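Asker: I'd like to ask some things about the structure below.
The values are calculated or read from the model by the stated rules, or taken from the named source; none is laboratory data. Quick caveat: nothing in here was measured; it's all calculated off a predicted structure. Here Cβ is always computed from backbone atoms with ideal geometry, including for glycine, and neighbour counts include all displayed protein chains. These accessible areas exclude ligands, DNA and RNA; they are computed on the full protein's heavy atoms, side chains included. Shrake-Rupley method; radii C 1.70, N 1.55, O 1.52, S 1.80 Å.
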Amino acid sequence: MFCVMARYSRGMAGLLDRGLLGRAREYLDFSPVLVVQGARQTGKSTLAQMLAGDQARSLTLDDAGTADAAREDPRGFVEQADDGLLVIDEIQRLPELTLAVKAAVDRNRRPGRFILTGSSDVARIRGHKDSLAGRALSVRLHPLSQAELRGTLARGAFVDRLLGEGGDPAGLAVSAPLSRADVVGMLLRGGYPSVREAPARLRAAWLSDYVERLLGVDAREGGGRLDPLRLTSVLRLIAANQSGELVKARIAREAALSAASVTGYLDALDRLYLTEDLQPWTVNLTAREIGRRKVRVADCGLAAWLCGASADLLKDVVRGGRTLGAILEGFVVGELSSQAGWAETGYRLFHYRDRRGHEVDVIIELDDGRVIAVEVKSAVGLTGRHFAGLMDLRERLGERLVAGVVLAPVAEPMRYAEGLWGLPLSTLWE
């Protein structure tokens, strides 16, 4: 499995394991360049150091002197590790340095020459640069997942475990059921390592500062001229629609933007890895390209903070039910996205909605074309209506549907019909 682990600090309480190290190490043993991408404060530099060990040379372009040296002599800068490994942190600070990396790789294609980390997608920053196509492999580091937080990485990814049961999840491990308060606490804490254990008020202050600095400074890298206040408004609107399809006209209207400028604001948030897309799925591949995507804030704790979802609100079944359901759906998509980085089974994630209005929250399409369909509910009791979308999809797909699953804070697995199950939310990581 790809569950070889990197260790990350959890305040002063101990160390956490990350699941992505195994795949990253495999890529580094094969490719001259490994690119570690992800939002700021998700642990990229720590992962890079775990991969590099004590013998590598590590430099960060966040340091002005280091960036000046790289700008002055790019070839000498990238060649300074000789036959060793050079780690260059925050490559988006100087995207033109990728030209020197390309030239160095073309002179010597030895595997494991460079690790580049980036908190912004270099390919979408203005300026001279090289894509490093054919010379680099990339991994995406997400905020901490529950499997990493709870130390259950060795049990494998959810998809692998479900397939191991032949699509019959009755044998999946189940711990004590999660209460509504447990779920709310988990969602509000999110997955940023720095503030996982922080009190609510400090976590809110950290998130506020984090967003302000990212959108006021990092979003302008490469010459962008986006208004930070409107960029914040767009991010808040996405958080408030965490489980809904993206309607650009609505975003433009509510953020007081012109229709023509909305795409630039959305792209900036995606470039900073603050948001992630979930593309539409249909049996017809062509139709996927014209469907309407969902966009969510990548970290559930940040999403909750952005839309003002307090613990008291989310615990209230009447007032907070809809908001909790939306944030919970985004959380599940995030967990599955993160686990794709170490799952043995290759898969991609989509959402489904047909012209008749039938919907399924998450479609997990395996590399061989088979499908696992997942609905996400915050209810502690499941009824037939929770399975309606799965029932319709089963009729359409037949044997191609490996399993249809409703994930909810229920106490134990429940078989609804052949191939359709209600599962405790905790089976995602247990």
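Asker: Please work out which residue is farthest from the chain's Cα centre (by Cα), limiting yourself to segment 96-111 and to residues that are closer than 19 Å to Ser58 by Cβ and outside any loop (DSSP other than H, G, I, E, B).
Answerer: Across segment 96-111, the extreme among qualifying residues is Ala104.
Asker: Inside segment 65-95, can you point out the residues that are of a type outside the set (D, E, K, R), in a loop (DSSP other than H, G, I, E, B) and either within 13 Å of Val33 (Cα to Cα) or open to solvent by less than 50 Å² (accessible area, probe 1.4 Å) (or both)?
Answerer: Across segment 65-95, the qualifying residues are Ala81, Gly84, Leu85, Leu94, Pro95.
Asker: Would you check which residues across segment 299-332 are open to solvent by 60 Å² or more (accessible area, probe 1.4 Å) and either in a helix (DSSP H, G or I) or at pLDDT 95 or above (or both) and list them?
Answerer: Within segment 299-332, Trp305, Asp312, Lys315, Arg322 meet the criteria.
Asker: Next question, about the same structure. Out of (1) open to solvent by less than 50 Å² (accessible area, probe 1.4 Å); (2) among the β-branched types (Val, Ile, Thr); (3) modelled with pLDDT under 95, what's the single condition that is false for Ile115?
Answerer: Every listed condition holds for Ile115 apart from (3).
Asker: Please find, within segment 167-187, the residue that is nearest to Pro413 (Cα to Cα) out of those that are among the aliphatic types (A, V, I, L, M) and touching a Lys or Arg at 6+ places or on another chain (Cβ under 8 Å).
Answerer: Across segment 167-187, the extreme among qualifying residues is Ala170.
Asker: What are the residues in segment 391-418 that are in contact with a Leu (Cβ under 6 Å, 6 or more places away or on another chain) and open to solvent by 30 Å² or more (accessible area, probe 1.4 Å), if any?
Answerer: Residues satisfying the conditions are Arg394, Pro413.
Asker: Here's a follow-up. Quick one: in segment 218-238, which of the residues that are within 22 Å of the chain's Cα centre (by Cα) and hydrophobic (A, V, I, L, M, F, W, C) is surrounded by the fewest Cβ atoms within 10 Å (Cβ to Cβ)?
Answerer: Filtering segment 218-238 for residues that are within 22 Å of the chain's Cα centre (by Cα) and hydrophobic (A, V, I, L, M, F, W, C), the one surrounded by the fewest Cβ atoms within 10 Å (Cβ to Cβ) comes out as Leu237.
Asker: For residues that are at pLDDT 95 or above and open to solvent by 20 Å² or more (accessible area, probe 1.4 Å), scanning just segment 346-360, find the one that is farthest from Leu393 (Cα to Cα).
Answerer: Gly346
Asker: Another question, if that's okay. Which condition from (1) closer than 30 Å to Val195 by Cα; (2) among the charged types (D, E, K, R); (3) surrounded by fewer than 19 Cβ atoms within 10 Å (Cβ to Cβ) is the one that Asp168 breaks?
Answerer: Status for Asp168: all satisfied but (1).
Asker: Something else now. If Ala204 meets every condition in (1) under 30 Å from Arg415 (Cα atoms); (2) open to solvent by less than 60 Å² (accessible area, probe 1.4 Å); (3) of a type outside the set (Asp, Glu); (4) in contact (Cβ under 8 Å) with a residue 24 or more places away in the chain apart from one, which number is that one?
Answerer: (1)
Asker: Are any residues in segment 91-120 touching a Pro at 6+ places or on another chain (Cβ under 8 Å) and among the hydrophobic types (A, V, I, L, M, F, W, C), and if so, which ones?
Answerer: Leu97, Leu99, Ala100, Val105, Phe114
Asker: Quick test for you: out of Arg253, Arg296, pick the one residue that is buried (at least 23 other Cβ atoms within 10 Å of the Cβ) and outside any loop (DSSP other than H, G, I, E, B).
Answerer: Matching residue, one of Arg253, Arg296: Arg296.
Asker: Hey, another quick one. With the checklist (1) on the phi > 0 side of the Ramachandran plot; (2) part of a helix (DSSP H, G or I); (3) touching a residue at least 24 places away in the same chain (Cβ under 8 Å) in hand, flag the one item Ser426 doesn't pass.
Answerer: Only one criterion in (1) on the phi > 0 side of the Ramachandran plot; (2) part of a helix (DSSP H, G or I); (3) touching a residue at least 24 places away in the same chain (Cβ under 8 Å) is unmet by Ser426, namely (1).
Asker: Taking the conditions exactly as written (within 16 Å of the chain's Cα centre (by Cα), among the polar types (S, T, N, Q) and open to solvent by less than 60 Å² (accessible area, probe 1.4 Å)), does Thr60 satisfy them or not?
Answerer: When the stated conditions are applied, Thr60 does not pass them.
Asker: Looking at (1) open to solvent by 60 Å² or more (accessible area, probe 1.4 Å); (2) at pLDDT below 95, can you tell me which one Arg107 breaks?
Answerer: Arg107 satisfies every listed condition except (2).
Asker: Counting only residues that are in contact with a strand residue (DSSP E or B) (Cβ under 7 Å, 6 or more places away or on another chain) and surrounded by fewer than 20 Cβ atoms within 10 Å (Cβ to Cβ), how many does segment 381-390 have?
Answerer: 2
Asker: Could you list all residues from segment 21-61 that are in a loop (DSSP other than H, G, I, E, B), touching a helix residue (DSSP H, G or I) at 6+ places or on another chain (Cβ under 7 Å) and touching a residue at least 60 places away in the same chain (Cβ under 8 Å)?
Answerer: If the condition is that a residue be in a loop (DSSP other than H, G, I, E, B), touching a helix residue (DSSP H, G or I) at 6+ places or on another chain (Cβ under 7 Å) and touching a residue at least 60 places away in the same chain (Cβ under 8 Å), then Pro32, Gly38, Arg40, Gln41, Gly43 are the ones that fit.
Asker: Being small (Gly, Ala, Ser) and part of a helix (DSSP H, G or I) is the filter here; which residues of segment 379-393 pass it?
Answerer: Correct list: Gly384, Ala388, Gly389.
Asker: Filtering segment 131-160 down to residues that are more than 20 Å from the chain's Cα centre (by Cα) and closer than 21 Å to Ala39 by Cα, which residue is surrounded by the most Cβ atoms within 10 Å (Cβ to Cβ)?
Answerer: Selected residue: Leu132.
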